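Novice: The structure is given below, and queries will be raised subsequently.
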Amino acid sequence: MNECSFIRRGTIKDSIQEQLIAARRNQILDAAVKVFATKGFHPTTIKDIAREAGIADGTIYNYFENKMALILGILDRLNESDQRAKDFSLLNDEVNIRSFMKAYLRHRLALLKADNFEIFRVVISEILVNKELRELYYQKIFEPTFVMVEQYFQQWADQHIIKPVNLKLAMRAIPAMVLGLIIEHIIGDTAIEAEWDALPEFLTDMILDGIGVTNHDEEKP
């Protein structure tokens, strides 16, 4: 076997291994979401989650150190952290900011609604009362995400796609607005429930017109 063939086989093997690990992690996280939603974070045990996942207790510890690591994993998956940079990198001359934001919001809102906000309820209820979790979430997920997103906001400002604004506040106000609408849906706001599918386009127009999208980025015919 030549060196190139050996390297290719090693790469394929590594890729399969990564896929298996990702599948097992998602299996465990799916089970954790269901059990946390039913029993609550604190009463839930690793044994409960293992039983729901159909695996041995010890298997979970190969992927997650404890329940805190599990809920951080849920938050990371909900945030789609490993996908964010790729998503934003698709924004170029062929895909303008308005089209991009509509598609992005449509995806994010559909993702949350798909499980009737079950994941959202679990993580928000715990993050509000758990200081350690809040600090870990900020350090590992929140701050790195906003550092990445701020680079794109600055790029759009530099290219005069958006007018100069307080970027740090602007990029926090947008998800905060979405968060508020999700909470309104959860508490039973019938207007939000009825218009949920219209939100991506409505929010995009309101946000971009609000921060002053220039003619440079008008919709292409």
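Novice: Pick out the one residue from 104, 137 that is among the aromatic types (Phe, Trp, Tyr), within 23 Å of residue 200 (Cα to Cα) and assigned to a helix (DSSP H, G or I).
Specialist: Going through 104, 137 in turn, the sole match is 104.
Novice: Output the residue which, of all residues in region 52-79 that are in contact (Cβ under 8 Å) with a residue 12 or more places away in the chain and of a type in the set (D, E, K, R), is most open to solvent (accessible area, probe 1.4 Å).
Specialist: Among them, the one singled out is 52.
Novice: Right, next: Is it the case that residue 75 is at pLDDT 85 or above, within 16 Å of the chain's Cα centre (by Cα) and part of a helix (DSSP H, G or I)?
Specialist: Yes: the conditions hold for residue 75.
Novice: Among the numbered criteria (1) modelled with pLDDT under 90; (2) surrounded by fewer than 14 Cβ atoms within 10 Å (Cβ to Cβ); (3) outside any helix (DSSP H, G or I), which single criterion is violated by residue 110?
Specialist: So the condition that residue 110 fails would be (3).
Novice: Also, quick follow-up: Restricting to region 151-161, name every residue that is exposed (fewer than 15 other Cβ atoms within 10 Å of the Cβ) and in contact with a helix residue (DSSP H, G or I) (Cβ under 9 Å, 6 or more places away or on another chain).
Specialist: Residues satisfying the conditions are 151, 154, 159, 160.
Novice: Conditions first: (1) modelled with pLDDT under 85; (2) under 21 Å from residue 85 (Cα atoms). Residue 144 passes all but one, so which condition is the exception?
Specialist: Tallying (1) modelled with pLDDT under 85; (2) under 21 Å from residue 85 (Cα atoms), residue 144 fails exactly one: (1).
Novice: In region 164-183, is there at least one residue being closer than 15 Å to residue 80 by Cβ, open to solvent by less than 30 Å² (accessible area, probe 1.4 Å) and either in a helix (DSSP H, G or I) or β-branched (Val, Ile, Thr) (or both)?
Specialist: Scanning region 164-183, I find at least one residue that is closer than 15 Å to residue 80 by Cβ, open to solvent by less than 30 Å² (accessible area, probe 1.4 Å) and either in a helix (DSSP H, G or I) or β-branched (Val, Ile, Thr) (or both), so the answer is yes.
Novice: Yes or no: region 30-53 includes at least one residue that is of a type outside the set (D, E, K, R) and more than 22 Å from residue 123 (Cα to Cα).
Specialist: Looking for residues that are of a type outside the set (D, E, K, R) and more than 22 Å from residue 123 (Cα to Cα), one finds none in region 30-53, hence no.
Novice: For the list (1) open to solvent by 50 Å² or more (accessible area, probe 1.4 Å); (2) within 28 Å of residue 35 (Cα to Cα); (3) of a type in the set (S, T, N, Q), I need the number of the one condition that residue 130 fails.
Specialist: The single condition residue 130 does not satisfy is (1).
Novice: Can you tell which of 38, 44 is open to solvent by 80 Å² or more (accessible area, probe 1.4 Å), closer than 27 Å to residue 133 by Cα, at pLDDT 85 or above and β-branched (Val, Ile, Thr)?
Specialist: Working: 44 fails: open to solvent by 80 Å² or more (accessible area, probe 1.4 Å).
Answer to the check: 38.
The values are calculated or read from the model by the stated rules, or taken from the named source; none is laboratory data. Note that the structure is a prediction, hence the values are computed from the model and not measured. Cβ: placed from backbone, ideal geometry, glycine included. Neighbour counts: every protein chain shown. Keep in mind that these areas ignore ligands, DNA and RNA; they rest on the heavy atoms of the full protein, side chains included. Shrake-Rupley method; radii C 1.70, N 1.55, O 1.52, S 1.80 Å.
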